[in-house]
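Here is the structure we will look at, set down as structure tokens.
The values are calculated or read from the model by the stated rules, or taken from the named source; none is laboratory data. All of these numbers come straight from a predicted model, not from anything done at the bench. All Cβ positions, even for glycine, are placed from backbone atoms using ideal geometry, and neighbour counts span all protein chains on display.
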Ligand code: SOE
């Protein structure tokens with residue numbers, strides 16, 4: 001099962017250029033909106049072998065899910081995700097719910113023969129991620145595929161950094177320096193939300209944003225973290241409860257009770273990579289003034305790259321093989337049509353934003369499915385990141401270095 005015949009052609013699909021990919025999405029908050037715009041725009045800016053059709057949106061509250069479907073462009077709605085995976089007119093299930101439901105939905109969808117795109121982190125625990133990976137591997141043998149949404153891989157400057165490393169322009173990698181800095185809960189009065197509840201989210205800054213820099217650094221370097229020594233901290237232990245459907249900027253109800261924060265506010269760790277590089281990682285929601293600063297610097301024997309998402313159309317590159325007189329970090333404006341993904345968009349210098357990486361993710365997923373190849377990052381990649389997250393937590397609890405099983 002991969003394609004559905006196009007309804008307007010009135011006959012069975014005759015090849016990869018004529019089919020549709022019927023998408024169902026579950027969840028319609030911040031990530032749901034980001035994924036919706038990706039499904040809307042992917043086939044309009046990129047030449048795709050299958051046309052994504054936004055068939056059905058899932059959400060628990062009928063009124064809210066209908067309003068979201070109208071706003072975001074979905075044809076129909078369902079209030080029970082189980083009905084979604086039973087539908088014959090759904091080829092792919094896009095999971096944009098909190099982490100506590102990822103495993104159950106993904107495993108059931110794969111068993112029902114639906115491809116799956118699952119938001120990061122893959123799961124709330126290593127055990128769940130292992131189960132999901134087993135389900136994905138079994139499904140792959142039936143031609144049904146699963147992908148985890150480490151979206152920032154598809155930012156053009158990040159893709160260019162990976163390309164430079166793969167071409168050997170950095171030589172042997174020695175240092176990995178990675179930070180993911182936000183400040184949306186630095187104010188102790190910022191409301192309690194599901195992202196601060198361990199049962200819902202699995203962990204705090206560590207899993208929500210630390211997972212991104214773990215994935216990004218491993219992706220760019222092509223290497224894997226071998227061991228970690230970590231420290232987690234929760235600065236604000238109780239917060240006023242938010243309105244029921246609060247997102248990142250939720251509001252506090254009048255006279256709200258206090259709720260207990262059960263996750264980390266900040267996570268820092270040292271890492272050793274299998275290839276010999278050493279790494280320093282920091283993920284926090286308390287870096288006042290930093291809104292979404294994903295900063296990655298990688299130093300190799302022949303050069304370095306540096307990236308900051310708050311200036312996301314730029315990649316800094318230092319080529320140590322150039323003469324000392326003229327060598328220096330250069331700012332590459334990653335907006336040329338020859339840069340990864342950029343050719344489908346605007347003329348040089350016009351720049352892309354946060355949402356474009358989600359579109360690129362949808363494009364790569366559709367292309368992989370049409371070609372019958374495994375889309376990446378796979379659930380196995382998501383599991384490996386989950387193992388690093390688990391090791392950082394154990395390390396922080398036990399004050400010991402922890403190895404990451406292969
Ligand atoms: C919240 O911290 C969040 O929305 C993350 O969950 C996303 O993965 C990241 O893209 C932006 O910040």
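For every residue, the table says whether it meets (1) outside the structural domain of residue 187 (by TED's automatic domain parsing); (2) farther than 16 Å from residue 274 by Cβ; (3) out of contact with any helix residue (DSSP H, G or I) (no Cβ under 6 Å at 6 or more places or on another chain).
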{"position": "200", "(1), (2), (3)": "no, yes, no"}
{"position": "219", "(1), (2), (3)": "no, no, no"}
{"position": "223", "(1), (2), (3)": "no, no, yes"}
{"position": "234", "(1), (2), (3)": "no, yes, yes"}
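Of all positions in the range 330-351, none carries a residue that is assigned by TED's automatic domain parsing to the domain that holds residue 236, under 30 Å from residue 205 (Cα atoms), in contact with a strand residue (DSSP E or B) (Cβ under 9 Å, 6 or more places away or on another chain) and within 16 Å of the ligand (Cβ to nearest atom). Counting only residues that are in contact with a strand residue (DSSP E or B) (Cβ under 6 Å, 6 or more places away or on another chain) and part of a helix (DSSP H, G or I), the range 370-390 holds 4 of them. Taking the conditions (1) touching a helix residue (DSSP H, G or I) at 6+ places or on another chain (Cβ under 7 Å); (2) in a loop (DSSP other than H, G, I, E, B) in turn, residue 171 satisfies each one other than (1). For the range 84-96, the tally of residues that are farther than 22 Å from residue 360 by Cβ and within 16 Å of the ligand (Cβ to nearest atom) stands at 0. Only one entry of 33, 38 meets the criterion of being assigned to a helix (DSSP H, G or I), closer than 15 Å to residue 369 by Cβ, within 22 Å of the chain's Cα centre (by Cα) and within 16 Å of the ligand (Cβ to nearest atom), and that entry is 38.
If you take the residues in the range 261-272 that are touching a residue at least 60 places away in the same chain (Cβ under 8 Å) and more than 16 Å from the ligand (Cβ to nearest atom), which one is surrounded by the fewest Cβ atoms within 10 Å (Cβ to Cβ)? Ranking the candidates gives 262 first.
Among residues of the range 273-294 being in a strand (DSSP E or B) and surrounded by fewer than 18 Cβ atoms within 10 Å (Cβ to Cβ), the one that is nearest to the ligand (Cβ to nearest atom) is 293.
Scanning the range 113-143 for residues that are outside any helix (DSSP H, G or I), away from the ligand (no atom under 16 Å from the Cβ), touching a residue at least 24 places away in the same chain (Cβ under 8 Å) and out of contact with any strand residue (DSSP E or B) (no Cβ under 9 Å at 6 or more places or on another chain) yields 113, 125, 142, 143. Annotation note: of 231, 218, the sole residue that is buried (at least 19 other Cβ atoms within 10 Å of the Cβ) and either within 11 Å of the ligand (Cβ to nearest atom) or modelled with pLDDT of 95 or more (or both) is 218. Every condition in (1) under 30 Å from residue 304 (Cα atoms); (2) outside the structural domain of residue 387 (by TED's automatic domain parsing) is met by residue 107 except one, and the failing one is (1).
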